[in-house]
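Computed from the coordinates by the stated procedures, all read-outs in this text should not be read as laboratory data. Keep in mind the model is a prediction, meaning the values are calculated, not measured. Glycine gets a Cβ as well: all are built from the backbone with ideal geometry, and neighbour counts include every protein chain shown.
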Amino acid sequence: MNSINDTQQAMMQRMATMQAEVQQPLIAPSSQNNTQNTSFGSVFHAALNGVDRHQQDAANLATQIETGASDDLTGAMIASQKASLSFSALTQVRNKLMTGVDEIMKMPL
């Protein structure tokens, strides 16, 4: 009976940790005073780093599952989906930017 309670507590702690990770923004919000100093390049660079971090975390968790170092298959799958979604979102942003650049290039002088 005690091991069941310990298992439930461990699972609840892992769920709380995952929830905290999911609620963290991909890009840190900037203050209003810092808005003037923030460039598009720095924001995009931060987004790229966030996507890279998600992919590295997913790869590390998958490696741990494959080597038997961890049995948290659910966490590895969630990390994999998070990495996939963040990469997909980044790709969509890139496509929108390229469409905008193409429209600007088509404008008559």
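Structure notes:
- Altogether, the Stokes-Einstein calculation at 37 °C and 0.692 mPa s, with the Kirkwood radius of the chain over Cα pairs as Rh, returns a diffusion coefficient of 192 µm²/s.
- Extension gain, E103 to T17, is 26.6 nm, computed as 0.36 nm per intervening residue step minus the present C-alpha separation.
- S88 versus Q24: modelled label distance in nm, points set 7 Å from Cα along the beta carbon direction: 2.3 nm
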